[in-house]
Amino acid sequence: MKVWLIYSLIISTIKPTMISKTLRTIIMGPPGSGKGTISSRIVKDFRLKHLSSGDLLRSQIHNKSKEGLQAKKYIDSGQLVPDNVMVQLILNELQKLKHDSWLLDGFPRTVPQAEALHTKEPADVVINLNVPFEIIMSRLTSRWTHAPSGRIYNTDFNPPKVQGIDDVTGEELIQREDDKPETVKKRLETYQAHTEPVLNYYRNLGILEEFTGKYSNEIWPKVHKFLSTKTEPLQYTVYKFCCLHRLINHLQASSSVEQKL
């Protein structure tokens, strides 16, 4: 039986407190950990401006800034963008937010980057999403795509009516290279090898906060509670999920009882 998960939102308005400190935050987590989801929730419930290193890099390249043009040369030649170029690109953007709270996503990725950032624009807290790799493996490798339309299915909670077939066209689904088990495993291993030293750096500084859980809805209340001790929240949005077929069955049962009455 197909099981779809739907989210319900409960938004609680929080009375203002005396906390008004500008907060500089970094969020870290492996691919598939829900970092994007948690980031969007933080931005919604707190006065933090979201800065994605990937978005900034693309923007700087598009605008043909000095750092953007330097980065483009390395990217076009298939090389990694050097630490000093990435650091300067990020610092240029952060300097525009001197009086704002911010959430930095996707940077730093190396210890030299972390050291340079801490010297110029030190973070107050670093949030790390600690999601078990087996959960991420299952989550990412369950995705199948209808290439022509871009429709995405998930064999766990949004499967196609017929396995391996697109619901609309009847054409075969494919698994993107990025979603294949061997690729996901390699990405996670690479992330762990490169990121663990960065986490240790912030752990030694005493500003690392780790949040462990399997799902974003499990982790989010802990993140919100922690950030609420650092800066004043605008509100608290509670995210719950339920199985759609159970909801339908409940409504049908209720309707049947009413008819009998």
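Read-outs throughout are calculated quantities, based only on the coordinates presented, and are distinct from any laboratory measurement. Since the model is a prediction, treat every value here as computed from it, not as a measurement. Virtual Cβ from ideal backbone geometry, glycine too; neighbours counted across all protein chains shown.
Bridging of Lys64 to aspartates and glutamates at a Cα separation below 17 Å is possible for Asp55, Asp76, Glu93, once same-chain residues fewer than 8 apart are set aside. The alpha carbon convex hull volume per residue for segment 81-210 rounds to 158 Å³.
Taking Cβ atoms as reference points and 11 Å as the exclusive limit, the residues near Lys214 contribute a net charge of -1, counting Lys and Arg as +1 and Asp and Glu as -1. Listed by chain and number, the lysines placed with their C-alpha closer than 23 angstrom to that of Lys222 are Lys15, Lys21, Lys35, Lys44, Lys49, Lys214, Lys230, Lys240; residues fewer than eight positions away on the same chain are left out. Taking every alpha-carbon pair under 8 Å whose residues sit at least 6 apart, segment 128-197 reaches a relative contact order of 29 percent. Straight-distance candidates among the aspartates and glutamates for linking to Lys98, with alpha-carbon spacing under 14 Å and chain neighbours fewer than 8 residues away dropped: Glu121, Asp124.
The local environment of Thr237, defined by Cβ-Cβ distances under 11 Å, has a net charge of +2 under the rule Lys, Arg +1 and Asp, Glu -1.
Label positions at Met137 and Lys64, each projected 7 Å from the Cα along the C-beta direction, are separated by 4.8 nm.
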